[in-house]
Structures are given as structure tokens and as C-alpha cells.
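The values are calculated or read from the model by the stated rules, or taken from the named source; none is laboratory data. Remember, predicted model here, so these are calculated numbers, not experimental data. Using ideal geometry, Cβ is built from the backbone for each residue, glycine included, and neighbour counts are taken over all protein chains shown.
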Amino acid sequence: MKICVYGAGAIGGYMAVMLKRGGADVSLIARGPHLMAIQERGLTVRADGEEIVEHMTASEDPAAIGPQDYVIVALKAHQAWETATAITPLLHDETAVVTAQNGLPWWYFHGLDPAYADLRLQSVDPGNRQWNTITPRRVIGCTVYPAAEITEPGVIQHIYGNQFGLGEPDRSESQRVANLAAALDAGGLKSRIFDDIRDDIWLKLWGNLCFNPISALTGATLDIVATEPGTRTLARGMMLEAQAIAEHFGAGFRVDVDRRINGAAKVGAHRTSMLQDVSRGRPIELDALLTSVQEMGRLAGAETPLIDSVLALAQQMGRVKGIYPTFPAN
């Protein structure tokens with residue numbers, strides 16, 4: 001099984017090392033000092049007091065890697081859009097592309113009710129670039145639960161979590177998903193195959209769409225956002241707006257809104273990824289986490305006053321700081 005991880009950042013690098021340890025033939029697309037370190041010394045993951053070092057082919061040029069059985073796209077949504085055409089040297093006729101991004105994916109409407117067949121999410125795929133280049137038939141949906149960070153070039157510190165959700169967009173059972181799940185499990189990761197991966201996408205996004213922008217706007221950590229009465233009420237309202245949209249298009253939620261918020265509060269004084277990006281001056285992942293939900297709300301004819309307000313504030317904050325927009329279309 002040949003697997004290329006496109007984007008060997010914290011999560012992509014963690015996946016690559018664990019897959020390699022499990023016996024998969026793994027290669028990497030990376031760049032800069034991180035790539036140089038991987039080429040010279042291998043890629044290191046530090047987790048639970050253990051240091052795992054794996055050596056694998058790594059390049060900035062997909063053509064140097066060649067066709068793969070699986071390509072795991074472990075980039076932020078705007079980066080995945082930017083590199084959609086660059087991925088083609090990694091593809092043969094049966095290559096599966098695993099979308100390991102946060103937020104609503106560009107392929108969301110593929111395989112749903114025929115009434116939605118012509119719908120596309122322009123907020124995450126302007127001009128249908130990924131839809132037309134990668135094509136949704138290749139896609140395996142993926143939800144990512146671990147947290148990790150690059151502590152120095154070539155070194156990744158695993159913080160918590162090892163779970164990944166997988167599923168076919170058309171809700172079918174497939175051997176390619178089963179094989180990928182087995183490869184993850186062989187490396188010590190935990191996979192779960194969903195009948196409809198969209199349900200798990202929404203469960204994770206449910207918190208991200210509110211906790212991330214609220215924390216980025218206020219500077220508050222997750223425990224505060226989820227427990228302070230004002231921000232908790234705002235987050236809960238945004239989540240209920242999103243739930244109505246998701247259910248309109250057939251998604252289901254296996255926990256209720258208060259349980260989801262309480263679970264976030266138990267994580268503790270965690271700085272959300274968007275808050276970290278703002279503090280470091282990096283582009284914020286706002287379109288995939290919130291603009292896409294607003295867009296789906298418009299398609300569903302749903303009112304989203306709280307989502308609209310928080311999105312407008314976060315967009316303006318990002319523009320002032322020069323870290324938004326992330327897509328040329330915005």
C-alpha cells in the first residue's frame with residue numbers, strides 16, 4: 001500500500017510516522033526547513049515519553065514521488081484548494097484522496113439526495129477547482145481528532161488523541177476504506193468507519209464553528225468560552241443554527257448540544273487553533289469552519305443571525321490583521 005501524505009505538518013507528519021511504523025509505504029510532500037530536516041534525519045514524533053523516528057521519501061515536488069494508492073491531504077482548506085492541481089502527479093486511475101481537513105469539505109453534496117447533485121460549496125472550493133481536478137469519486141472523507149505541533153523542523157510533539165473517522169461520501173461500504181482503516185490501526189492509531197462520515201464531520205465542526213471564532217475574537221481559552229454564561233449562550237445559539245442546517249440536508253447528531261459544550265469545557269484551558277493562528281499572524285481557517293456553514297444556511301433557506309454576526313466580526317478582525325481572506329474569491 002503506497003500512501004503519500006500531502007502536507008507533513010503536525011497532523012500530517014504524525015499520521016505519516018504512525019502509518020510507516022505500521023508497515024505502509026509512506027512518502028511525504030513538505031517544504032522549507034521541515035522538509036530539509038526530514039530528508040537529513042527522518043521525521044520524529046514524540047508521544048507519551050516515546051520518540052519514534054521514521055525515514056521516508058520526502059519532496060516538495062509531487063512528480064518526484066509518483067502515483068500512489070492513497071493521498072492524504074493534510075492541509076488547511078485554503079491550502080488544499082491552492083494545491084488541487086499540483087496533486088495530479090500522485091494520482092493513478094484508482095488513487096483515493098483522503099480529505100483530512102477541518103470544516104465542511106468541498107465534496108459535501110456528492111452522493112446525497114439527487115436534488116442536491118448540482119450544489120457546490122464555493123466558500124471552500126471557489127470555481128469548483130477541487131471538484132473538477134480531483135473529482136469526488138476519489139474522495140474518502142476523514143475527521144481528525146489528534147492534536148500535535150511541530151516543535152522544531154523534523155520533530156512533532158503529539159499532544160493528545162489518536163482517533164480518525166473515515167467514510168465514503170456516497171455512504172457505501174468499500175474495501176479501500178477498510179484497507180485504510182487497517183493501515184491506521186496497524187500503526188497504533190484508532191480508526192472508525194462511519195455509515196455517513198458527514199455526521200462525524202458535523203459533530204466535530206459543531207464546536208469548531210463557534211469556539212474557534214469566539215476564542216479568536218476574545219482571546220479566551222476553550223474552558224472559558226464554554227462556561228462563561230455570555231459566550232456559552234452565544235456558542236449554543238450558533239450550534240443550534242448549524243444543527244438546523246445540517247439536519248435539513250440529512251445529517252444526524254449522536255449527542256445533544258449541551259453535552260457537546262460540556263465536553264469542550266472539560267478539555268480545559270486550551271487555546272483553539274484559530275486563536276493560535278491569530279496570535280502567530282497565520283491565515284485563519286474561517287471559511288471552512290464558518291463561511292461554509294453560512295453558505296449552506298443560504299442554500300437551505302435558514303436564518304443564521306448569530307453565525308452571520310460572529311462571522312462578520314471574525315472576517316473584519318482577520319482583514320485588519322492581514323490574515324484573512326484565505327481564498328482569492330473572498
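Brief remarks on what is shown
- Note on the stretch 79-89: residues that are in a helix (DSSP H, G or I) and surrounded by fewer than 22 Cβ atoms within 10 Å (Cβ to Cβ) amount to 4.
- Candidate set from the stretch 141-172 (those that are of a type in the set (Asp, Glu) and in a loop (DSSP other than H, G, I, E, B)); member that is surrounded by the most Cβ atoms within 10 Å (Cβ to Cβ): GLU168
- The residue that is surrounded by the most Cβ atoms within 10 Å (Cβ to Cβ), counting only those in the stretch 197-218 that are under 19 Å from THR304 (Cα atoms) and polar (S, T, N, Q), is ASN212.
- Flag for VAL17 being in the same structural domain as HIS158 (by TED's automatic domain parsing), assigned to a helix (DSSP H, G or I), at pLDDT 95 or above and among the hydrophobic types (A, V, I, L, M, F, W, C): yes
- Checklist (1) farther than 22 Å from ALA182 by Cα; (2) over 18 Å from the mean Cα position of the chain (by Cα); (3) not hydroxyl-bearing (Ser, Thr, Tyr) applied to GLY23, failing item: (1)
- Any hit, the stretch 68-75, residues being closer than 27 Å to SER172 by Cβ, small (Gly, Ala, Ser), in contact with a helix residue (DSSP H, G or I) (Cβ under 8 Å, 6 or more places away or on another chain) and not in a strand (DSSP E or B): yes
Matching residues to (1) more than 30 Å from VAL267 (Cα to Cα); (2) touching a helix residue (DSSP H, G or I) at 6+ places or on another chain (Cβ under 6 Å); (3) modelled with pLDDT under 95:
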residue: THR83; (1), (2), (3): yes, no, yes
residue: HIS92; (1), (2), (3): yes, no, no
residue: THR99; (1), (2), (3): no, no, no
residue: TYR108; (1), (2), (3): no, no, no
residue: TRP131; (1), (2), (3): yes, no, no
residue: ARG138; (1), (2), (3): yes, no, no
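- Exclusive hit being surrounded by 13 or more Cβ atoms within 10 Å (Cβ to Cβ), of a type in the set (A, V, I, L, M, F, W, C) and more than 21 Å from ALA220 (Cβ to Cβ), set ALA302, ALA265: ALA302
- Residues in the stretch 280-304 that are within 12 Å of ASN212 (Cβ to Cβ) and either touching a Lys or Arg at 6+ places or on another chain (Cβ under 7 Å) or free of Cβ contacts under 8 Å to residues at least 12 places away in the same chain (or both): GLU285 alone.
- Scanning the stretch 238-256 for residues that are in contact (Cβ under 8 Å) with a residue 24 or more places away in the chain and in a helix (DSSP H, G or I) gives MET238, MET239, GLU241, ALA242, GLN243, ALA244, ILE245, ALA246, HIS248.
- Scan of the stretch 11-40 for residues that are under 14 Å from THR151 (Cβ atoms) and surrounded by fewer than 21 Cβ atoms within 10 Å (Cβ to Cβ), ordered by number: PRO33, ALA37
- Counted residues, the stretch 37-67 - those being in a helix (DSSP H, G or I) and either within 14 Å of GLY13 (Cβ to Cβ) or touching a Phe, Trp or Tyr at 6+ places or on another chain (Cβ under 9 Å) (or both): 5
- Selection within the stretch 4-41 - touching a helix residue (DSSP H, G or I) at 6+ places or on another chain (Cβ under 9 Å) and on the phi > 0 side of the Ramachandran plot: GLY7, GLY23
- Residue in the stretch 175-190 that is basic (Lys, Arg), modelled with pLDDT of 95 or more, assigned to a strand (DSSP E or B) and not assigned by TED's automatic domain parsing to the domain that holds ARG271 present: yes
- Count of residues meeting criterion [buried (at least 18 other Cβ atoms within 10 Å of the Cβ) and either more than 30 Å from ARG120 (Cβ to Cβ) or out of contact with any Ser or Thr (no Cβ under 6 Å at 6 or more places or on another chain) (or both)] in the stretch 276-293: 9
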